[in-house]
Amino acid sequence: MPRILVVDDETAIRSLLAMAFARAGYEVRTAGRAREALALCAVEAFDALLSDVLMPEMNGHELVHWVMAYHLNYAQRDPVKPHLTRGIDLRVCVRLLSSIR
């Protein structure tokens, strides 16, 4: 089962995304802050990382670059191709993530 890490500082959004992806057949872990996500990435491997862009401490762009640069689980993977929009369409996210199945 593909594993996704969802990172968002807003609890309601994080919970909604986790529930939607779990129902779509993914194993989902969540983090409320970028530093929490980094700690999870240090000890667990994920097939995808879905992150909010605007977060305190470290934004989503910095998080993705940090994970790709410093966590061995991700260093050899293909470059990240971020899909950034002002809103989120769960159907688009599930379609993009379907390639990891």
Report summary line: Condition set without any contact (Cβ under 8 Å) to a residue 40 or more places away in the chain and not in a helix (DSSP H, G or I), scope the stretch 45-75, selection farthest from M1 (Cα to Cα): answer is E57
Report summary line: Scanning the stretch 16-33 for residues that are surrounded by 15 or more Cβ atoms within 10 Å (Cβ to Cβ) and basic (K, R) gives R29, R33
**Report entry** Members of the stretch 1-16 found to be in contact (Cβ under 8 Å) with a residue 60 or more places away in the chain and within 10 Å of the chain's Cα centre (by Cα), listed by number
**Finding:** I4
Query - Matching residues, the stretch 1-38, being among the aromatic types (F, W, Y) and within 21 Å of M58 (Cβ to Cβ) - result: none
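Among the residues of the stretch 2-25, are any in a strand (DSSP E or B), polar (S, T, N, Q) and out of contact with any Phe, Trp or Tyr (no Cβ under 7 Å at 6 or more places or on another chain)?
To start, the set of residues in the stretch 2-25 that are in a strand (DSSP E or B) comprises 3-7.
Restricting the remaining residues to those that are polar (S, T, N, Q) gives none.
No, the stretch 2-25 contains no residue that is in a strand (DSSP E or B), polar (S, T, N, Q) and out of contact with any Phe, Trp or Tyr (no Cβ under 7 Å at 6 or more places or on another chain).
Can you find even one residue in the stretch 61-76 that is surrounded by 19 or more Cβ atoms within 10 Å (Cβ to Cβ), under 12 Å from the mean Cα position of the chain (by Cα) and either modelled with pLDDT under 85 or of a type outside the set (A, V, I, L, M, F, W, C) (or both)? Quick ask: steps written out before the conclusion?
As a first pass, look at the stretch 61-76 and keep what is surrounded by 19 or more Cβ atoms within 10 Å (Cβ to Cβ): 63-64, 67.
Filter once more, so that each one left must be under 12 Å from the mean Cα position of the chain (by Cα): 63-64, 67.
Next cut, either modelled with pLDDT under 85 or of a type outside the set (A, V, I, L, M, F, W, C) (or both) only: 64, 67.
Checking the stretch 61-76: at least one residue is surrounded by 19 or more Cβ atoms within 10 Å (Cβ to Cβ), under 12 Å from the mean Cα position of the chain (by Cα) and either modelled with pLDDT under 85 or of a type outside the set (A, V, I, L, M, F, W, C) (or both).
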Requested in this report: Six or more apart or on different chains, Cβ under 8 Å: which pairs go from a residue in the stretch 25-44 that's under 11 Å from V6 (Cα atoms) to one that's surrounded by 19 or more Cβ atoms within 10 Å (Cβ to Cβ) and of a type in the set (S, T, N, Q)? Could you list them?
Outcome: A34/S51; A37/S51
Query - Matching residues, the stretch 1-32, being basic (K, R) and modelled with pLDDT of 95 or more - result: R29
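The values are calculated or read from the model by the stated rules, or taken from the named source; none is laboratory data. Please read these numbers as outputs of a predicted model, since none were measured by experiment. Note that we place each Cβ from the backbone using ideal geometry, even for glycine, and neighbour counts take in every protein chain shown.
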